[in-house]
Amino acid sequence: MRILHIDTQRGFRGGEQQLLWLTIGLKNRGFETAVACIEDEFHLRCLENGIETVKLSRNRLKNILEIARIGRDFDIIHAHASHAHTICALSKVFNKKPLVYTRRVDYKPKNDPITKFKYRNTDKIVCVARYVCEVLRHTVGIEDFEVIHSATNPLLEENINSKKVKVLKEQFKHSTIIGTATALTEQKNIPNLIRAAEVILKKRKNIVFLVAGKGYLRDKLEKLVKKKGLSDRFKFIGFKKDIENYIKAFDLFVLPSDYEGLSGAALNAMLLKVPVVSTDAGGLSEVVFNKETGLLVKRNKPEDLAKAIEVVLDNGDLRKKIVENAYKLVNENFSVDKMVEKYVKLYKQLTEVKQWDFQQ
């Protein structure tokens with residue numbers, strides 16, 4: 001079976017990590033897999049892992065024609081972003097191949113003819129959380145969804161560079177490190193974390209907040225931190241290719257988002273035995289069970305976020321409990337192997353249906 005994955009995003013974020021793990025898993029199982037993407041960080045990661053790539057341009061029409069042409073040589077076309085979904089749905093008119101779309105975000109899609117067309121012409125819509133399915137159900141009016149949760153890779157534990165983690169901790173050896181790893185965009189609501197930090201740092205001086213990631217809001221966010229006088233205690237450290245080492249160095253992982261599908265970074269923190277405090281954005285409540293696998297608070301409530309952070313910092317027994325429960329949960333239910341196997345089953349179902357239709 002040959003599968004062509006399409007991703008039009010720039011950079012390397014959670015969705016690209018999930019797709020990379022999926023393609024590696026498929027390759028290891030003997031599937032012929034290729035990724036069509038723009039020439040960026042994700043493209044480089046694919047090459048490093050021996051994944052066949054097809055370079056996309058910045059021109060949508062050219063990409064539609066390219067996927068229409070090369071798609072004929074594949075059994076399944078799988079889109080992994082909204083723009084990629086549009087390209088694949090329009091190119092399907094020509095290549096006639098089964099189309100899968102993985103929806104990774106929890107905000108409402110547009111209500112326009114193109115959106116209706118592409119959802120109507122998709123053979124299977126996969127949601128990374130049940131919450132995402134509910135959003136689509138009430139907006140595009142489709143009932144047939146598959147839920148395949150985002151995952152984390154147990155190999156992350158083995159790949160931790162303990163020396164690097166130690167060095168990172170030494171940089172802030174007299175401080176508790178509260179960190180996050182996320183894109184600097186509106187959806188991730190870093191101001192929520194900044195305001196929570198402001199509340200906490202009025203009472204506690206031995207804490208440092210670290211934000212790993214990049215995005216167009218960095219300058220604006222740094223100005224907000226400076227305005228609040230937090231620059232010594234709230235730092236933006238940029239994109240980190242080996243983000244697992246940074247997460248492992250955190251004493252507490254915080255996700256302040258307004259919108260999420262299902263955060264791979266939060267799953268990684270759980271796997272690496274770092275306690276998690278998160279908002280209830282998107283599908284996070286499907287993995288962060290309050291006071292069982294983490295602490296969960298309402299979105300955009302910085303005082304509540306600050307209180308939850310302090311509860312975890314002050315309660316060693318609770319911290320131990322949520323770390324142990326979270327580690328067990330992700331290993332049993334959110335592993336890459338489980339995710340890959342679910343996609344394999346889905347692909348086989350679609351190709352069997354296609355073959356049956358042809359025989360009829």
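Only the coordinates and a few stated rules stand behind these numbers; no lab work does. Note that the structure is predicted; figures quoted are calculated from it, not measured. Cβ atoms come from the backbone with ideal geometry, glycine included; neighbour counts cover every protein chain shown.
Residues of region 204-232 with backbone nitrogen within less than 14 Å of a virtual label 7 Å along the Cα-to-Cβ line of E186, please, listed as ranges. Correct set: 216-217. For region 100-191, the list of trypsin sites (Lys or Arg not before Pro) that fall in a loop by DSSP and count at most 13 other C-beta atoms within 10 angstrom reads K110, K173. Taking a ≥ b ≥ c as the square roots of the Cα gyration tensor eigenvalues, region 174-277 comes out oblate, since a/c reaches at least 1.5 and a/b does not exceed b/c.
Among H80, H5, a tally of other beta-carbon atoms within 10 Å of each Cβ gives an order, fewest to most, of H80, H5.
Using a ≥ b ≥ c from the Cα gyration tensor of region 155-333 (square roots of the eigenvalues), is it rounded, prolate or oblate, where a/c under 1.5 gives rounded and otherwise the larger of a/b and b/c decides, a/b for prolate? Walk me through the numbers before you get to the answer.
Details: a/c = 1.32, a/b = 1.18, b/c = 1.11.
Since a/c stays below 1.5, the shape of region 155-333 is classed as rounded.
Listed by chain and number, the lysines whose alpha-carbon sits under 18 Å from that of K97, ignoring those within fewer than 8 places in the same chain, are K118, K124, K345, K348, K354. Cβ distances below 4.7 Å define possible disulfide partners, and in the chain the cysteines left without one are C37, C46, C88.
Using only DSSP helix segments of four residues or longer, with each worth -39500 (n - 2.57), what per-residue ellipticity at 222 nm results for the chain after dividing by its residue count and rounding to 500? Let's see the in-between values first.
Details: 15 runs with 171 residues, N = 360.
Value at 222 nm, helices only, nearest 500: -14500 deg cm²/dmol.
Name all residues of region 239-261 having a backbone nitrogen under 14 Å from the label point set 7 Å from the Cα of T176 along its Cα→Cβ direction, giving them as ranges. Taking a point 7 Å out along Cα→Cβ of T176, the residues of region 239-261 whose backbone N falls under 14 Å are 250-254. A Förster distance of 30 Å, applied to the separation of the beta-carbon atoms of D258 and H83, puts the FRET efficiency at 0.90. In this structure, the amide hydrogen of F234, modeled 1.01 Å from its nitrogen in the peptide plane, lies closer than 5 angstrom to those of F209, counting only residues at least 5 positions away or on a different chain. Reported to the nearest whole Å, the Cα centre-to-centre distance from region 94-141 to region 64-83 is 16. Sorted fewest first by neighbouring Cβ atoms within 10 angstrom, D123, D337 come out as D337, D123.
Fewest neighbouring Cβ atoms within 10 Å first, the residues L318, L305, L329 line up as L318, L329, L305.
Of the trypsin sites (Lys or Arg not before Pro) found in region 279-360, those that fall in a DSSP loop while having at most 10 other beta-carbon atoms within 10 Å are K298. Could you state the number of Å between the C-alpha centres of region 304-342 and region 196-223? Going from one Cα centre to the other spans 23 Å. Label separation (K203 vs K227): 2.5 nm, computed from points 7 Å beyond Cα along the C-beta direction. Overall, the chain carries a charge dipole of about 1040 debye about its Cα centre when +1 sits on the Cβ of Lys and Arg and -1 on the Cβ of Asp and Glu, all other atoms neutral. Amide H to amide H, with H built 1.01 Å from N, A79 comes under 5 Å of I6, V100, Y101, T102, counting only residues 5 or more places away or on other chains.
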